[in-house]
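> Handing you this structure, nothing more for now.
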Amino acid sequence: MTAIALPAVRTKRRRSRRLPVSARIAAGVIGLVVVAVLLAPVLAPHNPTQGQLGERLAGIGTAGHLLGTDGQGRDILSRLLYGGRLSLLSGLIPVLVAAVIGTLLGLLAGLGNRFTNGAVMRTLDVFYAFPAVLLAIAIAAALGSGASNAIVALSVILIPPIARIAETETARLRGADFMEAARASGARTSSIAIRQVLPNIAPAIVVYCTALIGLCIVYSAGLSYLGLGIAPPAPEWGVMISDLQQYTFTKPELLLMPALAILVASVAFNVLGDGLGSYFNVRQEVR
Amino acid sequence: MTLYLLKRLGSAIPILIGVSIVVFITIKIIPGDPVASLLGPTSSPQARAELTARLGLDQPLPIQYLSWGAHLFQGDLGDSIAKHVPVLSLVLDAFGNTLVLATFAAVVAFVLGILLGGVSALRRGRVSAAISNAISLFSISVPQYSIGLLLIIYLATGAGLFPTAGMYDPINGGGWGDLFLHLVLPGVTAALVPAGIIARMFRSCVIDVMSMDFIDAMRSRGLSELRILKHAFHNTLPTLMTIAGLQLGYLLGGVIFVETVFSWPGLGLLVYQSITQRDLPVIQAGVIVSALAFVVINVVVDVLQAAIDPRVRA
Amino acid sequence: MSQTVQEIPARVASAEALRVDDLAVSFAVHGGQVHAVRSVSFHVRAGQTLVLLGESGSGKSVTARAIMRLHGRRAKVTGRVELSGREVLALSDPDVRALRGSRIALVPQDPTAALDPLRRVGAQITEVLLLHRAAPDKKAAQARTRELLRAVGIPDPERAYRSFPHEMSGGMRQRVVIAMGISCDPDVIIADEPTTALDVTVQAQILDLFAELQGRLNTALLMVTHDVHVAADVADLVAVMYAGRIVETGPAADVLKTPRHPYTQALLDALPTPQTARGELHAIAGSPPVAGQEFPGCAFADRCTHALDTCRTAEPRLVEVAPGRRAACPVLNPTEAP
């Protein structure tokens, strides 16, 4: 290395000490949303599932119904607050499930012998061949509607990409000196995996999964919108869009509310993921 | 090159076999007895046993798979429960329509993504880059179903610029112009997410290439910045191919929301309708056909990549 | 090859191809300026080889790149760089581009990274020839490319022409890059650690190639290296750099035989020779300065065995210590009291 690139290289290699401002704002937004939906019983002005037909399709800003009411006279703000619980959970749980399974598979493939690696990776290739959304819909359709089936379907489609990242990162470590040292000292593979590899591959997985939560919120609301996830009358953002869709031409602003909720949550997780990426200096790769 | 092509084609075969196994297993784990549902709840046990034997459902699973696979190989995917026509023709028609929409969306996404990503990479640290980044971030986070509805509200019914639904005008429709008008809204809606993804991937690819030593070496040989950009773009092409393939594949399977919103008679809408009718053979065939298309796209991408990058051919 | 300038009178008479006066380079980094190179002056005549010798971070590559104006906007470059009579730092961007690759060529450190991986080697050389109009048309450029490949000792120029960079060995790639460097018959070639990325056996061949080409083309060669052996092998003149400054300069044979600066001494002491007895190698104590590190006095004082208290407060100037030799150490080169 000559001196030319020194100033640049030194700042680039070092992990940036602080989370970018945008990511802090995103984390703040996520925190606010989480607190709001947790406090839904306190904050919600009305019962989310019982409406008064006399007050149906009230506009935004109506007294008592800040964000209006839907076709059955249910308060939209209350439904958004309660619905956020299901929407956020069904965005979070599949990612958590897939992260655990995907990381295990990735470690197995990355640390295993050629046969294990081949078996795991070729199986993943098969799952990669299915278009993710269509596969999720097909699985959810086969299992029947319901929140838990949608979660299963989404978990299945998220496993392959996470496993692939875990495998790539693990394989990258395989030649590292500390790995050789651990192996030479007679450490068992499982202990190497937990003590040496996991802490090293965790940043990449956390960064990717954070962004995936945003995507998963959109997908799970999409499944409910298609009638495959959480079933009405339960309040959920995707269900709300589907409910309000018939008033698209008369009261489009009502439809905007759940759509904005999904957009805000999804953008926040994506921004947070980006920020974590630059914090941990994780490269974005084509996958 | 020919050898590479053959090798790559060969490697697609096990994946296709894997796909068929996954679909077969999915059929098998679906709750409910297919024989009972075919014959109705009042059928006699004897009739059920007879049909079970006739359908080969009493055979061991591997045998069942082989016979199912043989039918599949001959293009026999069974009949639609709801429409009583061969599933394959139904699915292929719909797939053709999806291909039209997905290709249009892919072109839009590509142009948009390369513009956004290029600006963001080459104008780093400036306002234009920040704006590009913000646009791509929003577009990957957008729920297509609601954006689609909003476009309908404002551009279709509101401004009356585009038709709200379908592929052709039913009364005096037909022709390329009509198709294009019908394509704009669903196409743009479907393109948003991939455009954002392409922009972000292309950005990091351009930054990578521009920081490579040979870019600087070209500068030291006196090449103009424009010419250097040309060579740099050439070097992003292999990655760009990969991104393109992934996104086209994503669009083929992912336009289901858009097709539902805009009543586009494609595979997504067909699958969606089949879900409400619990028409499993159609869903099955839809999944198989789009997986097949995805594998084909991947082979094409790899071959194109090998054509551009000599290191891949080796 | 280690001749002194005096031994080749024909070249002494020849014109200065490159003259650098009081060159300073600093980079804007968050919260300030990092001074990478300061008050660097030297000149090289046609046919002469000047070696910039120093550890990584000493500013030798920064100097080389500043001469070609390859630092981007983040860098502030002051001083004068005269290339065959033209003031490089004052030229417009297009004028500088016209010089690069034609009047002054850079042979980069890592030939593998310096070639476009997706284009054939021949096309990349031809491009440079056509760009600088060193060949009237494409056909002539292609013919000239094959000639150049032969000239740099590539055994099968025809095959090399059609090869992609990854299909060649490191040594062959370095020859390709050198062919590109000499393609437009430049006045000055800057070679930045041209042998660092190569195997030891190939290193010698490449150095021989430089010597041979230079003899034939009468080009001025500015070679940047951290390797004292390379310097001893090729240099007519040597300039030793430390912490962004030249600390000693003069004819290579003299400087490397009787160094007049403690740092040069230390560099030579750290070198194993066949005569070195076991345990006699002397590593330089302490660690080299980080690029841009500021010192109130002599940058080398903390690692120097000769250092006096005054070394840490007063910055030593580069002064003539013998005919044609200058050094920046008042301790080893005491002047008569004024």
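> How many residues does region B:256-272 hold that are open to solvent by 10 Å² or more (accessible area, probe 1.4 Å) and without any contact (Cβ under 8 Å) to a residue 60 or more places away in the chain?
Qualifying residue count, region B:256-272: 1.
> If you don't mind, another one. Residue under question is C:Ala235, and the condition is that it be more than 14 Å from chain A (Cβ to nearest Cβ) and open to solvent by less than 30 Å² (accessible area, probe 1.4 Å); does it hold? Outline the logic, then answer.
Details: more than 14 Å from chain A (Cβ to nearest Cβ): yes; open to solvent by less than 30 Å² (accessible area, probe 1.4 Å): yes.
Yes: the conditions hold for C:Ala235.
> If a residue must be more than 7 Å from chain B (Cβ to nearest Cβ), β-branched (Val, Ile, Thr) and assigned to a helix (DSSP H, G or I), how many such residues does region A:243-269 contain?
1
> Give me the pairs, please: first residue somewhere in region A:142-162 and closer than 18 Å to A:Glu236 by Cα and among the hydroxyl-bearing types (Ser, Thr, Tyr), second residue anywhere and open to solvent by less than 20 Å² (accessible area, probe 1.4 Å) and outside any helix (DSSP H, G or I), beta-carbon distance under 9 Å, and either six or more positions apart or on two chains.
Taking only residues 6 or more apart or on different chains, the pairs are A:Ser145/A:Leu228; A:Ser145/A:Gly229; A:Ser145/A:Ile230.
> Which numbered condition trips up B:Gly253, out of (1) of a type in the set (Gly, Ala, Ser); (2) surrounded by fewer than 24 Cβ atoms within 10 Å (Cβ to Cβ); (3) within 8 Å of another protein chain (Cβ to nearest Cβ); (4) on the phi < 0 side of the Ramachandran plot?
For B:Gly253, the exception is condition (2).
> What helices (runs of 4 or more DSSP H) completely inside region A:74-156 contain at least 2 residues that are open to solvent by less than 10 Å² (accessible area, probe 1.4 Å)? I'd like the intermediate steps shown before the answer.
Numbers: elements: A:76-111, A:114-128, A:132-143.
Output list reads A:76-111, A:132-143.
> Please go through (1) within 27 Å of B:Met210 (Cβ to Cβ); (2) of a type outside the set (Val, Ile, Thr); (3) at pLDDT 90 or above; (4) open to solvent by less than 20 Å² (accessible area, probe 1.4 Å) for C:Pro157 and return the number of the only condition it doesn't satisfy.
Going through (1) within 27 Å of B:Met210 (Cβ to Cβ); (2) of a type outside the set (Val, Ile, Thr); (3) at pLDDT 90 or above; (4) open to solvent by less than 20 Å² (accessible area, probe 1.4 Å) one by one, C:Pro157 breaks only (1).
> Within the set of pairs 6 or more residues apart or between chains, which connect a residue that is in contact (Cβ under 8 Å) with a residue 24 or more places away in the chain inside region B:177-196 to a residue that is of a type in the set (S, T, N, Q) with Cβ atoms less than 6 Å apart?
What qualifies is B:Thr189/B:Gln144; B:Leu192/B:Ser139; B:Pro194/B:Gln247; B:Ala195/B:Ser139; B:Gly196/B:Ser136; B:Gly196/B:Ser139.
> Output the number of the condition that C:Ala143 fails; it satisfies all remaining conditions of (1) assigned to a helix (DSSP H, G or I); (2) touching a residue at least 12 places away in the same chain (Cβ under 8 Å).
If we test C:Ala143 against (1) assigned to a helix (DSSP H, G or I); (2) touching a residue at least 12 places away in the same chain (Cβ under 8 Å), just (2) comes out false.
Matching residues to (1) open to solvent by 10 Å² or more (accessible area, probe 1.4 Å); (2) outside any loop (DSSP other than H, G, I, E, B); (3) touching a strand residue (DSSP E or B) at 6+ places or on another chain (Cβ under 6 Å):
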residue	(1), (2), (3)
C:Pro186	no, no, yes
C:Ile189	yes, yes, yes
C:Ala197	yes, no, no
C:Val202	yes, yes, no
C:Gln205	yes, yes, no
C:Asp208	yes, yes, no
C:Gly215	yes, yes, no
C:Ala239	no, yes, yes
C:Thr249	yes, yes, yes
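> Look through region B:276-298, keep the residues that are at the interface with chain A (Cβ under 9 Å from one of its Cβ atoms) and open to solvent by less than 20 Å² (accessible area, probe 1.4 Å), and return whichever of them is nearest to B:Ser80 (Cα to Cα).
B:Ile283
> Inside region A:223-239, can you point out the residues that are within 19 Å of A:Ile159 (Cβ to Cβ) and in contact with a Gly (Cβ under 6 Å, 6 or more places away or on another chain)?
Correct list: A:Leu223 only.
> Only one of these is surrounded by 15 or more Cβ atoms within 10 Å (Cβ to Cβ) and closer than 14 Å to A:Leu104 by Cα: A:Thr189, A:Thr170. Name it.
Values: A:Thr189 fails: surrounded by 15 or more Cβ atoms within 10 Å (Cβ to Cβ).
Being surrounded by 15 or more Cβ atoms within 10 Å (Cβ to Cβ) and closer than 14 Å to A:Leu104 by Cα holds for just one of A:Thr189, A:Thr170, which is A:Thr170.
> Let me ask you something else. Given the conditions (1) modelled with pLDDT of 80 or more; (2) closer than 24 Å to A:Ala44 by Cα; (3) crowded, with 24+ Cβ neighbours inside 10 Å, and given that A:Ser242 satisfies all but one, which numbered condition is not satisfied?
Status for A:Ser242: all satisfied but (3).
> So, one more: Output the number of residues of region A:118-131 satisfying the condition of being at the interface with chain B (Cβ under 7 Å from one of its Cβ atoms) and aliphatic (A, V, I, L, M).
Residues flagged as at the interface with chain B (Cβ under 7 Å from one of its Cβ atoms) and aliphatic (A, V, I, L, M) within region A:118-131 amount to 2.
> Would you mind finding the one in C:Met180, C:Met168, C:Met172 that is under 16 Å from C:Ala114 (Cα atoms) and open to solvent by 40 Å² or more (accessible area, probe 1.4 Å)?
Details: C:Met180 fails: open to solvent by 40 Å² or more (accessible area, probe 1.4 Å); C:Met168 fails: open to solvent by 40 Å² or more (accessible area, probe 1.4 Å).
Within the list C:Met180, C:Met168, C:Met172, the selection yields C:Met172.
> Is it true that some residue in region A:135-151 is more than 14 Å from chain B (Cβ to nearest Cβ) and under 23 Å from the mean Cα position of the chain (by Cα)?
Restricting attention to region A:135-151, the residues satisfying the condition of being more than 14 Å from chain B (Cβ to nearest Cβ) are A:147, A:151.
Still in the running and under 23 Å from the mean Cα position of the chain (by Cα): A:147, A:151.
There is at least one residue in region A:135-151 that is more than 14 Å from chain B (Cβ to nearest Cβ) and under 23 Å from the mean Cα position of the chain (by Cα).
> Within region C:92-111, which residues are hydrophobic (A, V, I, L, M, F, W, C) and either open to solvent by 50 Å² or more (accessible area, probe 1.4 Å) or at the interface with chain B (Cβ under 8 Å from one of its Cβ atoms) (or both)?
In the first step, residues of region C:92-111 are kept if they are hydrophobic (A, V, I, L, M, F, W, C); the result is C:96, C:98-99, C:104-107.
Those that are hydrophobic (A, V, I, L, M, F, W, C) and either open to solvent by 50 Å² or more (accessible area, probe 1.4 Å) or at the interface with chain B (Cβ under 8 Å from one of its Cβ atoms) (or both): C:Ala98, C:Leu99, C:Ala105, C:Leu106.
> Considering only residues of region C:71-91 that are small (Gly, Ala, Ser) and open to solvent by 50 Å² or more (accessible area, probe 1.4 Å), which is modelled with the highest pLDDT?
Step by step, filter region C:71-91, then rank; the result is C:Ala90.
> In addition: From A:Leu43, A:Leu66, A:Leu39, grab the single residue that is over 19 Å from the mean Cα position of the chain (by Cα) and at pLDDT 85 or above. Step through it out loud before you land on a result.
Numbers: A:Leu43 fails: at pLDDT 85 or above; A:Leu66 fails: at pLDDT 85 or above.
Only one candidate qualifies: A:Leu39.
> Then there is this: Taking region B:184-237, which residues are facing chain C (nearest Cβ under 9 Å), surrounded by 21 or more Cβ atoms within 10 Å (Cβ to Cβ) and under 30 Å from A:Leu212 (Cβ atoms)?
The one that is facing chain C (nearest Cβ under 9 Å), surrounded by 21 or more Cβ atoms within 10 Å (Cβ to Cβ) and under 30 Å from A:Leu212 (Cβ atoms): B:Asn235.
> Also, I was wondering about something else. May I ask you to say which residue of B:Val258, B:Val301 is more than 8 Å from every other protein chain (Cβ to nearest Cβ), modelled with pLDDT of 85 or more and closer than 30 Å to B:Phe162 by Cα? Explain how you work it out, then say what you get.
Numbers: B:Val301 fails: closer than 30 Å to B:Phe162 by Cα.
Result of the check over B:Val258, B:Val301: B:Val258.
> If you don't mind, there's one more thing I want to ask. Yes or no: region C:225-232 includes at least one residue that is more than 14 Å from every other protein chain (Cβ to nearest Cβ), in a loop (DSSP other than H, G, I, E, B), buried (at least 20 other Cβ atoms within 10 Å of the Cβ) and in contact (Cβ under 8 Å) with a residue 60 or more places away in the chain.
no
> Something else about it: Just to verify a result, which residue in region C:128-154, among those that are aliphatic (A, V, I, L, M) and surrounded by fewer than 19 Cβ atoms within 10 Å (Cβ to Cβ), is nearest to the chain's Cα centre (by Cα)? Talk me through it step by step, then tell me what you get.
If we filter region C:128-154 for residues that are aliphatic (A, V, I, L, M), which is where we start, we get C:128-131, C:134-135, C:140-141, C:143, C:148-149, C:151-152, C:154.
Next cut, surrounded by fewer than 19 Cβ atoms within 10 Å (Cβ to Cβ) only: C:130, C:134, C:140, C:143.
On the way: C:Leu130: 27, C:Ala134: 25, C:Ala140: 32, C:Ala143: 30 Å.
My answer is C:Ala134.
> With a cut-off of at least 3 residues that are closer than 19 Å to B:Ser204 by Cβ and not hydroxyl-bearing (Ser, Thr, Tyr), name the helices (runs of 4 or more DSSP H) lying wholly within region B:59-178.
On the way: elements: B:61-73, B:87-122, B:127-141, B:144-151.
The helices (runs of 4 or more DSSP H) meeting that bar are B:87-122, B:127-141.
> Something else now. In region B:1-55, which residues are open to solvent by less than 40 Å² (accessible area, probe 1.4 Å), modelled with pLDDT under 80 and either within 27 Å of A:Ala136 (Cβ to Cβ) or within 14 Å of chain A (Cβ to nearest Cβ) (or both)?
Matches in region B:1-55: B:Ile30 only.
The values are calculated or read from the model by the stated rules, or taken from the named source; none is laboratory data. Quantities reported herein were computed from a predicted structural model and do not represent experimental measurements. Note that each Cβ is placed from the backbone with ideal geometry, even for glycine, and that neighbours are counted across all protein chains shown. Each accessible area value is taken on the protein alone, full model and side chains, heavy atoms only, with ligands, DNA and RNA left out. Shrake-Rupley method; radii C 1.70, N 1.55, O 1.52, S 1.80 Å.
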